[in-house]
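Here's the structure we're looking at; comments come further down.
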Amino acid sequence: MKWLAILLTLIFVIAKIMGFIAWSWWLVFAPLIALIVFYIGVLAVVGLCMLI
């Protein structure tokens, strides 16, 4: 999953720079942001489980 998010972000950045897409930069970096949010969520669940 990590490599897919990185690959999609790289493809979107190149497409944005070359002018193929006119998306906002937030949408371009959305796969990477989603990956970071996922990892933070996993760490939060693990942290809560350790407290219990």
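The values are calculated or read from the model by the stated rules, or taken from the named source; none is laboratory data. Just so it is clear, the structure is predicted and the values come from calculations on it, not from any experiment. Please note: Cβ atoms are built from the backbone with ideal geometry, for glycine as well, and neighbour counts cover all protein chains shown. With ligands, DNA and RNA removed, areas are computed over all heavy atoms of the protein, side chains included. Shrake-Rupley method; radii C 1.70, N 1.55, O 1.52, S 1.80 Å.
Find all pairs meeting these conditions: Cβ atoms under 9 angstrom apart; at least six residues apart or on different chains; first residue within region 1-13 and surrounded by 14 or more Cβ atoms within 10 Å (Cβ to Cβ); second residue not in a helix (DSSP H, G or I).
Here the result reads Thr9/Phe29; Phe12/Ile21; Phe12/Trp23; Phe12/Phe29; Val13/Phe29, each pair linking region 1-13 to a residue that is not in a helix (DSSP H, G or I).
Tell me, which residue of region 28-52 that is open to solvent by 100 Å² or more (accessible area, probe 1.4 Å) and of a type in the set (A, V, I, L, M) is nearest to the chain's Cα centre (by Cα)?
Once the filter is applied, the top-ranked residue is Ile40.
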